[in-house]
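A.B. asks: What follows is a structure written as C-alpha cells; I'll ask about it next.
The values are calculated or read from the model by the stated rules, or taken from the named source; none is laboratory data. Predicted, not measured: the structure shown is a model, and the values here were computed from it. Cβ atoms come from the backbone with ideal geometry, glycine included; neighbour counts cover every protein chain shown. With ligands, DNA and RNA removed, areas are computed over all heavy atoms of the protein, side chains included. Shrake-Rupley method; radii C 1.70, N 1.55, O 1.52, S 1.80 Å.
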Amino acid sequence: MGKNLSFLAVLLIGAVLLCTRLEYSELRGWAPMKVTTWDALAYYGYLPSTFIYHDLERMGWIEGIDSSYQVVGTGGLYQMLPVEDPVLAAQGHRVDKCLIGVALMELPFFLVAHSIAALGNCPADGFSPPYQWCMAFAPIVWCLIGVFLLRSVLLRWYDDLTTALSLVLAVLATNAIQYISVDGAQT
C-alpha cells in the first residue's frame, strides 16, 4: 500500500513514452508511420523473410517492398549484403548485416500484427500499417516490463520515493525516450 509513488512513476513513464510515440509521427509529418527503415530494416528483416516470404537466403522480396513502402532509405540496400562466397553471391544469396536478437524481441508483436493484417483490410506483407504500429509499440512494452522489474528490485533496498525518483530519472532524464519511443526498432 505504501508503494504508490513508484507505481505512479511507472505509469508516468509509460504515458510519456506512449505520447512521444504517438506525437512523433505528427511532428515529423510522416504519413503513414514507418519504423522499419534504415538500420531498423536490418534488425526486422528476419521476420518477414522467415514468416511471410520464406526467403531467408536471397531476401528477394526487399526490392518489391521498397518500391511500395520506401524502407531501404537513401543509403541504398546496405542492410542485406551479398554473401562472400562468389558462387552463392552469383545466385543472389544475401546475408542480413545485423544479428537476430532484436527480431526475436519483436516476434510476438510481429505475430500480432500479422494476425491483424490477415483479419483486417491491410496487406499481410510485413510492412503495412499494422506491422509499423506493432513495431513502434514493441519497445515501449518491453521497457515498461523492464521498469516494473527494476521497480520490484529497487523496492527491496530503497524506499518508495527513492525508487520512484530513480525510475523517472533513469528513463525520462536520459536519451532513453528517443531510443524507446522514436528509434525503438533498433538496438
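A.B. asks: Under the Karplus relation 6.51 cos²θ - 1.76 cosθ + 1.60, θ = phi - 60°, what is the ordered set of whole-Hz ³J(HN,Hα) values for region 131-141, x standing for Gly and Pro?
C.D. replies: Each residue of region 131-141 in turn: 5, 5, 5, 5, 5, 6, 8, 4, x, 5, 4 Hz.
A.B. asks: Here's a follow-up. What ³J(HN,Hα) values, in whole Hz, does the Karplus curve 6.51 cos²θ - 1.76 cosθ + 1.60 give for region 82-92 when θ = phi - 60°, with x put for Gly and Pro?
C.D. replies: x, 5, 6, 5, x, 5, 5, 4, 5, 7, x
A.B. asks: Continuing with the same structure: Quick one: order 23, 106, 84 from most to least accessible surface, probe 1.4 Å.
C.D. replies: So, going from the largest accessible area down, we get 84, 23, 106.
A.B. asks: Follow-up. Once Lys and Arg get +1 and Asp and Glu get -1 on their Cβ, which of 107, 117, 168 lies farthest toward the positive end of the dipole of region 79-169?
C.D. replies: 168
A.B. asks: Hey, another quick one. Relative contact order for the chain using alpha-carbon pairs under 8 Å, separation at least 6, rounded to a whole percent?
C.D. replies: Values: 212 pairs, mean separation 65.1, N = 187.
Taking the mean separation of contacting Cα pairs over the length of the chain, I get 35 percent.
A.B. asks: I've got another one for you. If you take the square roots of the eigenvalues of the alpha-carbon gyration tensor of the chain and sort them as a ≥ b ≥ c, do you get rounded (a/c under 1.5), prolate (a/b over b/c) or oblate?
C.D. replies: Working: a/c = 2.47, a/b = 2.06, b/c = 1.20.
Prolate is the answer for the chain, as a/c is 1.5 or above and a/b outweighs b/c.
A.B. asks: Treating only the Cβ of Lys, Arg, Asp and Glu as charged (+1, +1, -1, -1), what charge dipole size does region 1-98 show about its Cα centre? Round to the nearest 20 debye.
C.D. replies: Here region 1-98 has a charge dipole of around 440 debye.
A.B. asks: What whole-number distance in Å separates the alpha-carbon centres of region 106-124 and region 45-87?
C.D. replies: Their Cα centres are 19 Å away from one another.
A.B. asks: Then there is this: Put 20, 187, 163, 74 in order of accessible area, largest first, 1.4 Å probe: what do you get?
C.D. replies: 74, 187, 20, 163
A.B. asks: If you don't mind, another one. Where in region 121-172 are there chymotrypsin sites (Phe, Trp or Tyr not before Pro) that are in a DSSP coil and have at most 16 other Cβ atoms within 10 angstrom of their Cβ?
C.D. replies: Sparse-neighbourhood loop chymotrypsin sites (Phe, Trp or Tyr not before Pro): 158.
A.B. asks: While we're on this one: Checking the a/c ratio against 1.5 first, then a/b against b/c, what shape does the Cα gyration tensor give for region 70-160?
C.D. replies: On the way: a/c = 3.15, a/b = 1.66, b/c = 1.89.
It is oblate, given that a/c is not under 1.5 and a/b is not larger than b/c.
A.B. asks: Can you tell which of 40, 15, 136 shows the greatest fluctuation in a Gaussian network model of the chain with Cα springs below 10 Å?
C.D. replies: Among 40, 15, 136, the largest mean-square fluctuation in the Gaussian network model of the chain belongs to 15.
A.B. asks: Using helices alone, what [θ] at 222 nm do you get for the chain, with -39,500 (n - 2.57) per DSSP H run of 4 or more residues, divided over all residues and rounded to the nearest 500?
C.D. replies: Result for the chain: -19500 deg cm²/dmol, rounded to the nearest 500.
A.B. asks: Residue by residue, what Karplus-based ³J(HN,Hα) values in Hz, rounded to whole numbers, does region 69-77 have, using 6.51, -1.76 and 1.60 with θ = phi - 60° and x for Gly and Pro?
C.D. replies: Ordered by residue, 3J(HN,Hα) equals 10, 6, 9, 6, x, 6, x, x, 7 Hz.
A.B. asks: Most mobile of 132, 70, 91 per a Gaussian network model of the chain (Cα springs, under 10 Å)?
C.D. replies: 91
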